[in-house]
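S.K.: Mind having a look at this structure? Questions to follow.
Since every read-out is calculated from the coordinates, none of them should be taken as a lab result. Being a predicted model, the structure only gives us computed values, none of them experimental. Note that we place each Cβ from the backbone using ideal geometry, even for glycine, and neighbour counts take in every protein chain shown.
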Amino acid sequence: CPFCEQENESRAFVCRVCNTMLTLSDLEMLLAHTEANRGIVQAAVEELEAEQNGRELECEELVNLGIGHINLKNLRSGLTALQKAARLNPNNVVLESQVNALAVGP
């Protein structure tokens, strides 16, 4: 888990420890998910944002930042991070389509 650093199944949708939604594959489920441990996710998001002040985040880090913000219901910040990730990886059509779907809304 990029938020609590615990091991999960490789295809887990939700972390077994912090209950954070880990994937963009089901946007409706992600948007409706309210079980994440807010303290853990908030700390991870703040750490990534602090990193971002000192260097450019990599695509995967931006995706995690976006997912973290969405778990916290900071939808605009989440979308912004995901849009940056999509720009860094323009060949990732799955990410691009998820970002577009999120931008349009459920």
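S.K.: Based on the inverse mean of 1/r over its pairs of different Cα atoms, what is the Kirkwood hydrodynamic radius of segment 1-58, in Å? Mind dumping the intermediate values first?
M.R.: Working: mean 1/r = 0.0816 Å⁻¹.
When all Cα pairs of segment 1-58 are included, the Kirkwood radius is 12.3 Å.
S.K.: Cα-based Rg (one decimal) and Dmax (whole number) for the chain, in Å?
M.R.: Calculated on Cα positions, Rg and Dmax stand at 12.7, 34 Å.
S.K.: Could you grab the relative contact order for the chain? Cα pairs under 8 Å, six or more apart, rounded to a whole percent. Could you put the intermediate results ahead of the total?
M.R.: Numbers: 125 pairs, mean separation 24.3, N = 106.
Computed value for the chain: 23 percent relative contact order.
S.K.: Place a +1 charge on the Cβ of each Lys and Arg in the chain and a -1 charge on the Cβ of each Asp and Glu, then give the dipole magnitude about the Cα centre in debye, rounded to the nearest 20.
M.R.: On the way: 8 positive and 15 negative charges, 68 e Å.
Computed about the Cα centre, the dipole is about 320 debye.
S.K.: Here's another thing I want to ask about it. Output the lone cysteines of the chain: those with no second cysteine's C-beta under 4.7 Å from their C-beta.
M.R.: Cysteines of the chain left without a disulfide-compatible partner: 59.
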